[in-house]
1. Hey, could you check region 112-137 for residues that are among the β-branched types (Val, Ile, Thr) and part of a loop (DSSP other than H, G, I, E, B) and say which is nearest to Asp3 (Cα to Cα)?
2. So which residues in region 138-170 are buried (at least 17 other Cβ atoms within 10 Å of the Cβ) and in a strand (DSSP E or B)?
3. Right, Lys165: among the charged types (D, E, K, R) and touching a residue at least 60 places away in the same chain (Cβ under 8 Å) or not?
4. Pick from Ile130, Ile84, Ile68: which is within 19 Å of Cys40 (Cβ to Cβ), assigned by TED's automatic domain parsing to the domain that holds Glu15 and touching a residue at least 12 places away in the same chain (Cβ under 8 Å)?
5. Looking at (1) farther than 30 Å from Thr147 by Cα; (2) at pLDDT 95 or above; (3) of a type outside the set (S, T, N, Q), find the lone condition where Leu81 falls short.
6. Evaluate the following for Asn63: is it assigned by TED's automatic domain parsing to the domain that holds Leu32 and without any contact (Cβ under 8 Å) to a residue 40 or more places away in the chain?
7. Being aromatic (Phe, Trp, Tyr) and within 17 Å of the chain's Cα centre (by Cα) is the filter here, so list the residues in region 86-132 that pass it.
8. Could you check region 1-111 for helices (runs of 4 or more DSSP H) lying wholly inside it with 1 or more residues that are surrounded by 14 or more Cβ atoms within 10 Å (Cβ to Cβ) and among the polar types (S, T, N, Q)?
Amino acid sequence: MWDYIDKVFEGYPAETKIVQKMIKIGISVKILYDEPKLFCDAIEIKPNSIARAFNVDRRVVVNLIKKIIDDNKLFAFFSNLEPISNFENSGSKIGFGVIEIIPVDASKPGIIAGVMNILADGGISIRQVITDDPDLIDNPRAIIVTTEPVSGEMLNKIKKVDGVKAVLLL
């Protein structure tokens, strides 16, 4: 799918950045009363808001929406996107543990499984795992939110998991 998205928006760097952000945060494109609209869950987002956020002309956003609507494959994908909560920045404020895993190669299988095994062996439950798609993000990473802070000893064990380049406590 990513190759297809890259092909459709090739030569349109502003549209590409907007599409990447739409995917990351779950902004969908839907038809409402015969008009294409942008949504974050049930909240409509105006093209002007997106244009201001990316410092582009509103017409760039309108053109992007039209491309998505006119392409059955893109529309099927973008009409079904959903937003999710992300406790990366707020989790530690309410007593959760938050760690960032930086992989050597994010497409290598077993990195998350290795980290999860260490946490499970330590009796720590997982609240949330969010990973970046290595085909979409240049420097992908994983954010793991746990029910309690992770000890230094566990962090050292996690650093030794095959495929882990670095571990950061957030």
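1. First, the residues of region 112-137 that are among the β-branched types (Val, Ile, Thr): 112, 115, 118, 124, 126, 129-131, 137.
Now drop any that are not part of a loop (DSSP other than H, G, I, E, B), which leaves 124, 137.
Values: Ile124: 38, Ile137: 13 Å.
My answer is Ile137.
2. Ala142, Ile143, Ile144, Val145, Thr146, Val164, Val167
3. Values: among the charged types (D, E, K, R): yes; touching a residue at least 60 places away in the same chain (Cβ under 8 Å): yes.
Yes.
4. Ile68
5. (1)
6. So Asn63 fails the test.
7. Filtering region 86-132 down to residues aromatic (Phe, Trp, Tyr) leaves 87, 96.
Phe87 - this is the single residue of region 86-132 that is aromatic (Phe, Trp, Tyr) and within 17 Å of the chain's Cα centre (by Cα).
8. The helices (runs of 4 or more DSSP H) meeting that bar are 13-25, 58-70.
The values are calculated or read from the model by the stated rules, or taken from the named source; none is laboratory data. Keep in mind the model is a prediction, meaning the values are calculated, not measured. No Cβ is skipped: glycine too gets one built from the backbone with ideal geometry, and neighbour counts run over all protein chains shown.
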